[in-house]
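Notes for the one structure printed next.
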Amino acid sequence: MELQPDSGSFSVDKARLAALVKNKNHEILGELGGVEGIISILRTNLVVGIHGSPQDLHHRRKTFDANTFRKARIHWFVDLLQILYNKLVVGDVVYLKKGDKVPADGLFLDGHSLELDESKITGLKEEQTLPKMEKVDNSNPFLSAGAEVVDGHGTMIVTSVGRNTKCYQSKGEIYINEKTLLESKTKYLEAYLEKIKWVVAFSYLPISLGRYFSGNARDDNGNRKFIYGETSVLYVSYDIVEIILAMIIITIAMDTSSFTWAIKFNLARAINKLKADNVIVKNISSLEKAALGIAGILIDESGTSTVNVSKFVLAQQVAENEDPGSISQDVLALIRHGIGMNTTGIIYHEGSKFKLLGSPTERAILSWGVTELSMDLEKQMQDFCVVKVQSSNSSRGILLLSDNRFHVHWRGPAGTILTMCSSYYDNSGIKRVLNENLRTFLEQQMENSDSSKSQFIALAHTEVTDQDSTVEQDSLTLLGLLILIEKEQEGTNEESDLNVKLIIDKDSSAEDTNQTEVLVSFRSTQGDIVICDGNFASLAMVLRWGRCIWHNTQTFLQFQLTVNITSLLNTYIAYSEFKGVPQMDTRLTYELVQLIWENLFMAFIVAVNLGRENPSDELESTTTSNKLQLVKGTMWRNLIAQVVYQLVVLRIVENRGEAIFNASEDANQSITFVMPLFFQVFNMINARKIEEKNVFLGIRPSSIGLAVVLIFIPVALVELLRKLVGFERLNPIHWIACIVIALLCWAVGLAIKFVPVRFFSIPIMAVINKFKALYHVAIPGTKDFQ
């Protein structure tokens with residue numbers, strides 16, 4: 001069924017639909033023609049929901065928004081597929097059963113004994129929230145996103161999604177305030193760097209002030225800036241302000257604000273990539289933990305049929321060890337009714353074929369009923385009327401009315417149903433007494449079953465006089481036992497070093513038969529990651545992305561630390577060497593522009609570029625112990641080599657550039673300005689690989705294109721500053737020389753990787769440990785960033 005959007009808009013807006021459920025407004029519901037009218041307005045189908053083209057889905061999302069607020073697992077009737085919450089659109093038909101969360105605001109279509117707990121919508125903690133039960137039926141058809149189904153089952157039509165739901169308006173966006181392991185380590189690194197930069201910046205003050213008040217600071221003409229008793233207080237104040245501004249520029253040279261949002265970008269990208277592969281990240285830090293091998297993984301086998309009906313036997317056949325044979329037609333009819341009517345699953349016909357919706361157990365039983373018993377569910381729906389539905393633990397009872405006769409059907413774990421039975425049908429369809437000896441024998445046979453994967457589900461029936469009779473009876477008649485076999489799960493990843501907490505969920509709810517133990521384990525265990533396709537091989541993908549987050553963060557840190565340390569030292573040395581007082585209209589101006597470009601724009605560009613690197617095979621061999629270090633020894637080796645090379649070049653260019661490049665003073669000032677910018681462009685490529693010598697391995701064409709574009713940025717900045725601080729345009733030879741010198745950082749990066757790490761890491765770590773010791777004394781209780 002293909003529903004195409006017409007050229008116009010829907011005849012109802014999202015605000016009115018949102019108010020409908022939020023306020024439980026029967027007046028609006030009546031004005032829109034009731035539930036049937038809304039179905040017509042939204043151009044949906046009562047049975048199959050919407051099955052529109054991509055244009056139709058886009059039209060609905062544009063008109064009514066997307067469901068980007070809650071994370072829920074829902075069923076879309078179109079192809080009986082499970083889809084993620086953000087694919088849900090207004091007009092979808094959603095099936096709900098006990099234990100499910102309502103994924104969006106909507107209206108009740110059909111179902112039995114549907115009851116919701118709306119206390120979950122308030123946003124309070126579970127232990128602080130009293131249950132707020134709400135029965136949903138045709139007289140009260142409103143369902144709110146976030147409510148939990150506590151009883152019954154049913155279908156709903158979605159009327160509001162995302163920000164328009166009552167749930168969103170009640171408690172707004174949910175933010176996770178807990179810092180991840182990677183963020184915590186980065187915060188400590190930032191704290192150390194902040195201390196270092198302020199120590200360096202404050203050390204500039206006594207040097208500069210001492211030079212100034214001793215009369216050694218001079219202006220451009222060689223005159224002393226300060227003469228005791230002659231220089232006015234106003235001029236002294238102005239010069240001191242310039243010195244303080246220079247100190248502030250030194251602190252700006254090391255900006256660590258980009259560290260945190262680089263991590264957030266890496267996490268967000270990994271989460272989105274995994275979501276596209278049916279992996280839902282419930283706890284953000286779990287991806288980082290996966291890289292360290294300490295994450296709990298929850299495998300959700302939703303949507304995978306792993307259960308089959310092996311055979312159906314009568315009580316007499318079990319007792320007398322007979323093979324399953326013919327069954328009385330009267331008993332066979334009762335079995336069909338017990339399977340087809342007493343279920344939370346749905347049969348959906350597509351031409352001559354049928355499809356099933358529900359848990360693996362429900363689908364297995366319904367499939368067996370259709371294929372083996374020739375069950376006609378549509379005819380049963382016409383012949384029977386559901387009067388009442390009752391659930392008890394893992395069992396389910398239903399009261400049916402047909403030809404003025406009331407039938408009670410129960411289905412559930414064999415051990416539970418047997419206690420409710422006082423009789424059974426034999427092979428001829430004759431009702432016999434179920435004595436204690438036979439009951440005990442049946443229980444022993446089930447306990448002694450050869451297959452540990454077997455599930456025994458019992459069907460029972462009785463007739464009652466009227467609809468007021470209680471559904472739960474202690475005198476039911478046993479129809480027989482269904483024996484279900486669970487298939488072995490394939491694809492287990494035995495090579496992963498990830499510590500896995502594996503919980504198998506088979507769409508269990510309190511109504512799913514013989515699934516109580518699975519349900520209890522599932523509900524009581526908190527999983528970090530949910531793998532919705534039920535494939536164990538997805539664990540390797542989760543591990544790779546977890547390690548990729550760490551690797552991409554480390555490559556960015558290596559790049560940004562190189563920039564920050566070089567910029568800090570170069571700025572500090574330049575100001576310390578300067579014999580005069582820095583002027584706002586010259587050096588301070590272009591230093592400020594340079595630092596803003598480096599620490600804001602370039603940091604963002606590089607964070608995105610390096611963060612888009614995909615997991616590689618080389619990460620598989622990375623040991624967990626190495627990944628516990630945020631800044632590894634190899635990173636210190638690489639960045640120290642780059643800092644030394646770049647710092648030496650920058651100091652030579654500033655002090656001897658006029659002679660080397662045969663340039664004027666203004667032209668040399670332009671060269672001094674653009675050199676760090678070129679270093680960053682090529683160092684962005686250099687930082688891609690921390691240990692690999694070939695930094696171009698696996699590089700994306702977009703990264704090369706980005707580097708080419710960034711090379712032209714300094715040209716534009718020189719043109720801008722030429723009008724502000726008197727920069728001079730560079731000739732082609734100067735530009736080529738600057739680019740070639742910057743390109744040599746690749747050669748430095750390659751050469752340094754042949755040097756053993758210990759030559760750098762041991763002395764560097766000794767210095768860091770000394771500083772950390774002083775830092776811990778000053779600030780007790782701090783932790784290491786390593």
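The values are calculated or read from the model by the stated rules, or taken from the named source; none is laboratory data. Only a predicted model underlies this, so the values are computations on that prediction, with no experimental measurement involved. Positions of Cβ are backbone-derived with ideal geometry, glycine not excepted, and every protein chain shown enters the neighbour counts.
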Legend entry - When residues of segment 351-373 are limited to those that are outside any helix (DSSP H, G or I) and either among the β-branched types (V, I, T) or without any contact (Cβ under 8 Å) to a residue 12 or more places away in the chain (or both), the one nearest to N308 (Cα to Cα): K353
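From the set of residues in segment 380-410 that are charged (D, E, K, R) and over 22 Å from M446 (Cα atoms), which is surrounded by the most Cβ atoms within 10 Å (Cβ to Cβ)?
That would be K388.
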Inset, instruction - Please enumerate the residues belonging to segment 655-676 that are assigned to a helix (DSSP H, G or I), of a type outside the set (A, V, I, L, M) and either over 16 Å from I739 (Cβ atoms) or touching a strand residue (DSSP E or B) at 6+ places or on another chain (Cβ under 9 Å) (or both). - result: N655, R656, E658, E665, D666, N668, Q669
Legend entry - Residue in segment 437-454 that is polar (S, T, N, Q), assigned to a strand (DSSP E or B) and closer than 14 Å to L479 by Cα present: no
Inset, instruction - Answer with yes or no whether D219 is acidic (D, E), farther than 19 Å from T553 by Cα and touching a Phe, Trp or Tyr at 6+ places or on another chain (Cβ under 9 Å). - result: no
Legend entry - Yes/no for S702 being polar (S, T, N, Q), surrounded by fewer than 20 Cβ atoms within 10 Å (Cβ to Cβ) and either in the same structural domain as K632 (by TED's automatic domain parsing) or touching a residue at least 40 places away in the same chain (Cβ under 8 Å) (or both): yes
Inset, instruction - Quickly run through segment 682-729 and pick out the residues that are aliphatic (A, V, I, L, M) and over 24 Å from F604 (Cβ atoms). - result: L697, V725
Legend entry - Counted residues, segment 716-734 - those being without any contact (Cβ under 8 Å) to a residue 40 or more places away in the chain and either within 25 Å of N609 (Cα to Cα) or not assigned by TED's automatic domain parsing to the domain that holds I685 (or both): 1
Inset, instruction - State the number of residues belonging to segment 242-266 that are assigned to a helix (DSSP H, G or I) and within 20 Å of M602 (Cα to Cα). - result: 13
Inset, instruction - Determine the pairs where a residue that is farther than 9 Å from L418 by Cβ and in contact (Cβ under 8 Å) with a residue 40 or more places away in the chain, located within segment 436-447, has a partner that is surrounded by 10 or more Cβ atoms within 10 Å (Cβ to Cβ) and among the small types (G, A, S) with Cβ atoms under 8 Å apart, the partner being 6 or more residues away or on another chain. - result: L438/A315; L438/A319; F441/A319
Legend entry - Lone qualifier among L610, L639 - being at pLDDT 90 or above and either more than 28 Å from R758 (Cα to Cα) or in a helix (DSSP H, G or I) (or both): L639
Legend entry - Residue ID - modelled with the highest pLDDT, chosen from residues in segment 4-34 that are buried (at least 16 other Cβ atoms within 10 Å of the Cβ) and over 27 Å from A147 (Cα atoms): F10
Inset, instruction - Taking only segment 411-433 into account, find how many residues are touching a residue at least 60 places away in the same chain (Cβ under 8 Å) and buried (at least 19 other Cβ atoms within 10 Å of the Cβ). - result: 8
Inset, instruction - Go through (1) closer than 18 Å to Q390 by Cβ; (2) at pLDDT 85 or above; (3) buried (at least 16 other Cβ atoms within 10 Å of the Cβ) and name the single condition D137 misses. - result: (3)
Inset, instruction - Answer yes or no: is there a residue in segment 672-685 that is closer than 30 Å to N609 by Cα, exposed (fewer than 12 other Cβ atoms within 10 Å of the Cβ) and modelled with pLDDT of 90 or more. - result: no
Legend entry - Number of the exception - W746 against (1) over 39 Å from the mean Cα position of the chain (by Cα); (2) not in a loop (DSSP other than H, G, I, E, B): (1)
Inset, instruction - Kindly indicate the residue of segment 641-652 that is more than 16 Å from A747 (Cβ to Cβ) and in contact (Cβ under 8 Å) with a residue 60 or more places away in the chain and also surrounded by the most Cβ atoms within 10 Å (Cβ to Cβ) among those meeting that condition. - result: L650
